[in-house]
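Undergrad: Handing you this structure, nothing more for now.
The values are calculated or read from the model by the stated rules, or taken from the named source; none is laboratory data. Keep in mind the model is a prediction, meaning the values are calculated, not measured. Cβ sites come from the backbone with ideal geometry, for glycine too, and all protein chains shown count toward neighbours.
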Amino acid sequence: MFWSKDDIVERLSKIPRTLEDISIEIFEGVPPATDLVFKANLSKEHCTDATSGCRNPQTNVSVEQISIEKELMYPFMDGSVSNEFTVDSAQYRFMLPYEILGYNIKKEYRLIQPDEFKAKFPVAYELLMEAKQNPETGEQGIDSAECYRLEDESFLQYIKTPKIIVTNNYRLHASYDMSGKHVFADGIGVVLGDPTLYHYITAVLNSSIARVLPEIWNREKMQSSKHLSSKMLKRFPIAFPKNQATETIISTICRYLIYLNRQKLTAKEYSIPGYQNLIDFYKRIADLLIIDTYITNDLDPKLLEILAENITASGEEFEYSDDINLLIGLQEIKKNILESSSFRKCRFNNEFTNILATLKNNGAW
């Protein structure tokens, strides 16, 4: 059959399972302009000697000695970041006066009241006072916990829980945050019920399939503005491969891409040619597998065999490594796939080729 854009959108709209079905929580990010969240940078003002830890010169309290003072400070990424698969924290950190009560998937927490906050965490309190200072009156006091209470505190339940952050500057961009510490502005955070699904879902949200989602929003009258909302993201259709091997390949490629994007800024140092081509290659392979999962389910079996043989992951959390040998290894994997005699014999059927062309002609490839 000939697949039109409408055919593809209709097919995706009928997928019964959605991101909401597999998530514990989908919450909106914290906007950087809010007066209820404060930014500070401990390292510049209070870290005089990295070997001895951060020390406040007035209170003579070492931050290293009070571990929760660092726990109060979480990295921030704003919505201007456009790289897929990438988590880059800015130099500023949000200061959130709370404590964690439980460490299950769904975290329990409580906000720390001002007097207790000042007594237990003097360094963090002083920095908060500096950020809170009113330039007109000089007033620095905190009268109530409301002074630093966040309007929507739901994300505090998931501190230290892995997250996927999705922004939509030009199209959807999804980054997987392994540490679970990032709070993102102008985006939506997603916490999944099954921790093993993070890489697969991140890959899907960065695929061509995700670019069709705005059409679904428009047809269902969910697109109220150009900004992404949790309601819109909850509607994202989720489909999983029929076999676990394909899902593992897609998840592993996502881990490759996290590593490659982290290394992208230092690629010139390594003088490795065709760096972007390497990223594009793995993105294209993942995209083919995801489109097949969502729409056709009939890729050439030889292609799946070649990918399963070559695309493997060794070592835990290797995607956060700075080892140059991993970069060289990913080049070798690409070379082995392309030079395989069976790979050259792989064929796409006419239906699959038509779908690719339709997505491309509609700006989705």
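Undergrad: Which condition does SER341 not pass, out of (1) free of Cβ contacts under 8 Å to residues at least 40 places away in the same chain; (2) out of contact with any Leu (no Cβ under 7 Å at 6 or more places or on another chain); (3) surrounded by 12 or more Cβ atoms within 10 Å (Cβ to Cβ), if it passes all the others?
TA: Failed condition: (3).
Undergrad: Report yes if ILE209 is farther than 18 Å from ASP287 by Cα, in contact with a helix residue (DSSP H, G or I) (Cβ under 7 Å, 6 or more places away or on another chain) and surrounded by 21 or more Cβ atoms within 10 Å (Cβ to Cβ), otherwise no.
TA: no
Matching residues to (1) of a type outside the set (A, V, I, L, M, F, W, C); (2) over 24 Å from ARG211 (Cα atoms); (3) without any contact (Cβ under 8 Å) to a residue 24 or more places away in the chain:
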| position | (1), (2), (3) |
| --- | --- |
| PHE155 | no, yes, no |
| ILE159 | no, yes, no |
| VAL166 | no, no, no |
| TYR176 | yes, no, no |
| HIS182 | yes, yes, no |
| GLY187 | yes, no, no |
| VAL190 | no, no, no |
| GLY193 | yes, yes, no |
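Undergrad: Tell me, please, whether a residue that is assigned by TED's automatic domain parsing to the domain that holds LEU260, within 10 Å of the chain's Cα centre (by Cα) and among the charged types (D, E, K, R) can be found in region 157-165.
TA: yes
Undergrad: Then there's this: Out of region 275-325, which residues are surrounded by fewer than 19 Cβ atoms within 10 Å (Cβ to Cβ) and of a type in the set (Val, Ile, Thr)?
TA: THR296, THR312, ILE324, listed by residue number.
Undergrad: Test TYR282 against the stated conditions and say whether it is at pLDDT below 85, within 18 Å of LEU326 (Cβ to Cβ) and among the aromatic types (Phe, Trp, Tyr).
TA: So TYR282 fails the test.
Undergrad: Are any residues in region 183-204 under 19 Å from LEU257 (Cα atoms) and either of a type in the set (Val, Ile, Thr) or touching a Phe, Trp or Tyr at 6+ places or on another chain (Cβ under 7 Å) (or both), and if so, which ones?
TA: THR196, TYR198, HIS199, ILE201, THR202, VAL204
Undergrad: Same structure, new question: If you go through region 315-342 one residue at a time, how many are polar (S, T, N, Q), under 26 Å from SER175 (Cα atoms) and in contact with a helix residue (DSSP H, G or I) (Cβ under 9 Å, 6 or more places away or on another chain)?
TA: Residues flagged as polar (S, T, N, Q), under 26 Å from SER175 (Cα atoms) and in contact with a helix residue (DSSP H, G or I) (Cβ under 9 Å, 6 or more places away or on another chain) within region 315-342 amount to 2.
Undergrad: Now, a different point. For region 236-336, which helices (runs of 4 or more DSSP H) that fit wholly inside it have 1 or more residues that are within 15 Å of GLU84 (Cα to Cα) and out of contact with any strand residue (DSSP E or B) (no Cβ under 6 Å at 6 or more places or on another chain)?
TA: Because the criterion is at least 1 residues that are within 15 Å of GLU84 (Cα to Cα) and out of contact with any strand residue (DSSP E or B) (no Cβ under 6 Å at 6 or more places or on another chain), the helices (runs of 4 or more DSSP H) in region 236-336 that meet it are 244-263, 275-291.
Undergrad: Here is a follow-up. Could you list all residues from region 337-352 that are at pLDDT below 85 and either assigned to a helix (DSSP H, G or I) or under 24 Å from the mean Cα position of the chain (by Cα) (or both)?
TA: SER341, SER342, PHE343, ARG344, LYS345, ASN350, GLU351, PHE352, listed by residue number.
Undergrad: Specify the residue that is modelled with the lowest pLDDT; the eligible residues are those in region 214-258 that are within 18 Å of the chain's Cα centre (by Cα), among the hydrophobic types (A, V, I, L, M, F, W, C) and farther than 25 Å from ILE333 by Cα.
TA: Selected residue: LEU228.
Undergrad: For region 166-179, check the following and say yes or no: at least one residue is in a helix (DSSP H, G or I), at pLDDT 85 or above and under 20 Å from TYR259 (Cα atoms).
TA: No, there is no match, as no residue in region 166-179 is in a helix (DSSP H, G or I), at pLDDT 85 or above and under 20 Å from TYR259 (Cα atoms).
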